[in-house]
Amino acid sequence: MLTYDFTTPAGVARERFAHLSTRVVNILVRKGQRSWDQIARSSDEDLLTLERLVAGALSEIRTEQRVQVL
């Protein structure tokens, strides 16, 4: 289930997602996805409901998520 965070500053979120492409970061931040914890709790299907997020971007997110967990 998607959760939304519009209180964390966008700049902080952009730093957290620094290893993702700019396009993907922009989509996540604009839609209130601002932490790796939020991403981890969201299903692939939920993330794909975000406007303009495609399967390739989802793969990029999940790959980086695995690195962030380590």
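The values are calculated or read from the model by the stated rules, or taken from the named source; none is laboratory data. None of these values were measured; they are calculated from a predicted model. Cβ atoms come from the backbone with ideal geometry, glycine included; neighbour counts cover every protein chain shown.
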Tabulated pairs, region 2-16, first among the small types (Gly, Ala, Ser), second outside any loop (DSSP other than H, G, I, E, B) and modelled with pLDDT of 95 or more, C-beta under 9 angstrom, 6+ apart or interchain
10/29; 10/30; 13/25; 13/28; 13/29
Got a number for residues in region 17-70 being on the phi > 0 side of the Ramachandran plot and more than 10 Å from the chain's Cα centre (by Cα)?
1
